[in-house]
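The values are calculated or read from the model by the stated rules, or taken from the named source; none is laboratory data. In this text, all values refer to a predicted model and were calculated from it rather than measured experimentally. Here Cβ is always computed from backbone atoms with ideal geometry, including for glycine, and neighbour counts include all displayed protein chains. We work out accessible area using only protein heavy atoms, side chains counted, and drop any ligands, DNA or RNA first. Shrake-Rupley method; radii C 1.70, N 1.55, O 1.52, S 1.80 Å.
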Amino acid sequence: MLAQGPPTPFARSARLTVDPQLLVLATLAMSLLLFVTDALRYDLIAALVVLVLGGTGTLDAREAFHGFADPAVVLIGSMYVFGWAVNRWGIADFVAQRLIAARDGREGPLVLKVTLVSGALSSVLSNTGIVATLIPVLSDTARRLALPASRLMMPLAFGSLLGGLLTLVGTSTNIAIDGVLVEHGHRGLGLFEFTHLGVVLLGFGALYFVWPGRRLLPRSRVDQSLTEHYQVPRFVTEVLVEPSSELVGSYVGDLELLSRSEVALLGIVRSGETGTLLAPGPSNQLAKGDVLIVQGEPGAIVRLRNELGLTARESVEVEGARLHSADVELVEAVVPAGSQLVGATLVDTDFRARTGINVLAIAKHGVVLPTAIGRTPLTVGDSLLVQGHRRDLERLRRSRELLVLDEVVSPRLGKNAWWTLLLLVGVLLTAALTKVPLAIAGMGGAVGLVLTGCVRPDEVRRAVDWSVLVLVGGMLALGTAFQKHGLDHEVAVHLLDLCRGTSNPQLLVGLFVVVTVLFTQLTSNVTAGVIMTPIALSVADGLGRDPMALVMAVLSGASLAFMSPVAHQANTMVVGPGDYRFKDFLRVGTPLTILLVAVEVVVLPLFWPMVPAG
């Protein structure tokens, strides 16, 4: 072994000289600022947290990256694979349509069923996956019953969030908090350990929407057509192909200028027996006298006319047979969580060439974008007005790249549906009845899905929402830094000083629920849970009390993300279909949050008494 000399000046300067507690707090403050301002993606923020903590020596390399190898991350990834299989083989659609099927137009019973069914399905599957599955079903139901979709979409999102409290695998936050408990030397949570709490909260949430909450739900468009809502006449124009135009005899597939100028060709109106040809393909040939229905920004269309010698015509009658026909449909679609379109633009992804679908307009948070449709980065919950042939729309629907909100066909269970259900039940029973760790059971079930052909190996990569795994792994590293440098104890001491003179369990539970709820609205539920759980454990330890009531206050509070459309992806995904505004979530979500916090203050000390530890 070589002898080591004295440290060099460079090595001494590279050592950490800043108080590690200050560095951890600064990292937390930085991440909070980035979360609140939505300046970066959540997974990128989490990766930066790991880099800062590891790069400054606050955590060593093993500690910094330990969160990515945590059993919680493995279990979350495994449950995403199950969610993919359940959706692929039509199980979720089959169950949802039969449970939610409305035999009459009564809104109250329908809203109640939506809340309870979304909650029940979210108890074992990803809540964002369930919301993605049910949005088209509820959109079709609202259209058939002439109900505003806004009366159904928010109960769907909120029900899915509450359903995540029914089992340990209901949300990634539950699993992450379980990982924090094990990391701190406490026993892990059982699969159904807090199911009774989840049933109570889901029940109160459903009752809230039966009467007071339903009165607060907005009434969005019901008679307004899609083209009116998306202001299509502002973007769609007719141009005439003159006999002298260089376009005469050209094939649509050769018109590179259309894609370069971001002008979409929606249809060709031709005299004679041919009539109107909508959503023309690359093999269609242009002739003199053709009237082209084009969509794009006014400036781009003017440039196109000037370069190609086209003559402007009056705006098209967008409600007639100009944009849709027996084979071509004009429908609404939503960008779901996990879509490859998230963070990309239509031009970057070559969307038109890949899918054969025209995008006529984009709306963000209910506001229709007037310009730069092809160059606008898409985010979860964006609504798109799309036009395409039925076969192309069906292919798009199966890919789940977008959620197509047209008529929903009653699904048939796919050939591997029963294998999927059998493996899912097997995972749950193994975790509930044996000592096999849930992460092992979950991964075994995911591997079983691949071996039985329910999920192809190449689909596993697409099934997993990697951004969530990175977020969980990064936030677990921040939680480790809190524990290593004693910040959880420091915060606990201040909280104990604040509560000195009282050991009222309701007060402590209420404090942790409220702080976690506020934390969740500003950042993410995973971040709130991972940061608040060590503090809850330290406060309980300082009081010499059993910590479960405070841990459950954190776990449940992290799911009460009702007051903002960006507090959770389930909320974001229903903004477009429900035509919601930010104020709608405040108006409907705030009373519900207050109600459920009050319920928790009462029931948590009853379910988990804060008795002396030991």
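Using a 1.4 Å probe, what is the accessible area per residue for the range 491-603, in Å²? Before the final figure, lay out each step's value.
Details: 3500 Å² over 113 residues.
Value returned for the range 491-603: 31 Å² of accessible area per residue.
Can you find, among Gly479, Phe94, Ala613, the residue farthest towards the positive end of the dipole of the chain? Put +1 on the C-beta of Lys and Arg, -1 on that of Asp and Glu.
Comparing the listed Cα positions along the dipole, Ala613 ranks first.
Taking only C-alpha pairs under 8 Å that are 6+ residues apart, what is the relative contact order of the range 382-477 in percent? Numbers along the way, then the final one.
Numbers: 32 pairs, mean separation 17.7, N = 96.
Relative contact order comes out at 18 percent.
Tell me, what is the per residue accessible area of the range 417-486 in Å², probe radius 1.4 Å? Kindly include the intermediate steps, with their values, before the conclusion.
Values: 3290 Å² over 70 residues.
Heavy-atom SASA per residue in the range 417-486 reads 47 Å².
Once every Cα of the range 411-489 carries one equal point scatterer and solvent is ignored, give the base-10 log of I(q)/I(0) from the Debye formula at q = 0.24 Å⁻¹, two decimals.
Normalising to I(0) and taking log10 leaves -1.10.
Which shape class applies to the range 362-511: rounded if a/c is under 1.5, otherwise prolate when a/b exceeds b/c and oblate if not, where a ≥ b ≥ c are the square roots of the Cα gyration tensor eigenvalues? Before the final figure, lay out each step's value.
Numbers: a/c = 2.53, a/b = 1.40, b/c = 1.81.
Oblate, since a/c reaches 1.5 and b/c is not below a/b.
Among residues other than Val210 whose Cβ falls under 15 Å from its Cβ, what is the net charge (Lys/Arg +1, Asp/Glu -1)? If you can, show how the numbers build up before the last one.
Numbers: positive: Arg106, Lys113, Arg151, Arg214, Arg215; negative: Glu107.
Residues close to Val210 contribute a combined charge of +4.
Run the simple label-point estimate for Val436 and Gln285 please: 7 Å along Cα→C-beta, distance reported in nm.
Roughly 6.4 nm, to one decimal.
Under a Cβ-Cβ cut-off of 14 Å, what is the net charge of the residues other than Gly479 that fall near it, where Lys and Arg count +1 and Asp and Glu count -1? Present the calculation step by step, with values, prior to reporting the outcome.
Working: positive: Lys484; negative: Glu63, Asp70, Asp178, Glu183, Asp488.
Neighbourhood net charge equals -4.
In whole Hz, what ³J(HN,Hα) sequence does the range 481-497 give by Karplus (6.51, -1.76, 1.60; θ = phi - 60°), x for Gly and Pro?
Using θ = phi - 60°, the values come out as 5, 4, 6, 4, 9, x, 5, 4, 5, 4, 5, 4, 4, 5, 5, 5, 4 Hz.
Extension gain Val450-Ala69, at 0.36 nm per residue separation less the Cα-Cα distance, in nm?
Numbers: separation 381, 0.36 × 381 = 137.16 nm, distance 2.16 nm.
Using 0.36 nm per residue and subtracting the Cα-Cα distance, I get 135.0 nm.
Kirkwood hydrodynamic radius, the range 112-152, all distinct C-alpha pairs: what's the number in Å? Walk me through the numbers before you get to the answer.
Details: mean 1/r = 0.0944 Å⁻¹.
About 10.6 Å for the range 112-152.
If the reach is capped at under 30 angstrom between alpha carbons, list the lysines near Lys113, excluding any in the same chain fewer than eight residues apart.
Lys364, Lys415, Lys583
Would you work out the charge dipole size for the chain about its Cα centre, treating the Cβ of every Lys and Arg as +1 and the Cβ of every Asp and Glu as -1, and quote it to the nearest 20 debye?
Numbers: 47 positive and 50 negative charges, 177 e Å.
For this selection, approximately 840 debye.
Given the options Phe209, Leu433, Phe68, identify the residue whose Cα lies farthest towards the positive end of the charge dipole of the chain (+1 on Cβ of Lys, Arg; -1 on Cβ of Asp, Glu).
Sorting the options by dipole projection puts first Leu433.
Between Lys364 and Arg270, how high is the FRET efficiency from 1/(1 + (r/R0)^6) when r is the Cβ-Cβ distance and R₀ = 51 Å? Nearest 0.05.
Details: r = 36 Å, r/R0 = 0.71.
It comes to 0.90.
Can you tell me, using C-alpha contacts under 8 Å and at least 6 residues apart, the relative contact order of the range 76-165 as a whole percent? Please report the intermediate quantities before stating the final value.
Numbers: 94 pairs, mean separation 32.7, N = 90.
Normalised by residue count, the contact order of the range 76-165 is 36 percent.
Using a 1.4 Å probe over the heavy atoms of the protein chains, calculate the carbon and sulfur portion of the accessible area of the range 455-595 as a whole percent. Mind showing how you got there, number by number?
Numbers: 2940 of 4650 Å².
Solvent-exposed carbon and sulfur of the range 455-595 make up 63 percent of the total.
Sort Ser244, Ser122 by heavy-atom solvent-accessible area, probe 1.4 angstrom, most to least. Each step should come with its number before you reach the end.
Values: Ser244 110, Ser122 0 Å².
Result, largest first: Ser244, Ser122.
Once phi is turned into θ = phi - 60°, what whole-Hz ³J(HN,Hα) does the Karplus curve with 6.51, -1.76 and 1.60 give for every residue of the range 461-474, x standing for Gly and Pro?
Using θ = phi - 60°, the values come out as 4, 6, 5, 7, 7, 5, 5, 5, 5, 5, 4, 5, x, x Hz.
Counting C-alpha atoms alone, how compact is the chain: give Rg to one decimal and Dmax as a whole number, in angstrom.
27.2, 94
Using a Cα-Cα cut-off of under 21 Å, which lysines could be cross-linked to Lys484, ignoring same-chain neighbours fewer than 8 residues away?
Correct list for Lys484: empty, as no lysines qualify.
For every other residue with a beta carbon closer than 12 angstrom to the beta carbon of Lys288, add +1 if it is Lys or Arg and -1 if Asp or Glu, then tell me the sum.
On the way: positive: Arg270; negative: Glu242, Glu246, Asp290.
Combined, the nearby Lys, Arg, Asp and Glu give -2.
Which distance in Å, rounded to a whole number, links the C-alpha centroids of the range 380-400 and the range 151-207?
32 Å
Run the 1.4 Å probe and let me know the accessible area of His389, rounded to the nearest 10 Å².
Its accessible surface works out to 30 Å², give or take rounding.
Using alpha carbons only, what's the Rg to Rh ratio of the range 369-449 with Rh from Kirkwood? Could you put the intermediate results ahead of the total?
Numbers: Rg = 19.7 Å, Rh = 16.7 Å.
When Rh is taken as the Kirkwood radius, the ratio is 1.18.
Evaluate the relative contact order of the range 118-205 (contact order divided by residue number), counting alpha-carbon pairs under 8 angstrom at least 6 apart; express in whole percent.
Details: 112 pairs, mean separation 30.1, N = 88.
34 percent.
Project the alpha carbons of the range 456-592 onto their principal axes and report the range along each, largest first, in whole Å.
Extents along the principal axes: 52, 41, 21 Å.
Based on the alpha carbons, how large is the Rg to Rh ratio for the range 122-213 when Rh follows Kirkwood? Show your work: numbers first, answer last.
On the way: Rg = 15.8 Å, Rh = 14.4 Å.
We get a ratio of 1.09 for the range 122-213.
Under 5 Å between amide H atoms, partner at least 5 residues away or on a different chain: which partners does Ala361 have, H built in plane at 1.01 Å?
Counting only residues 5 or more places away or on other chains, the set is Leu385.
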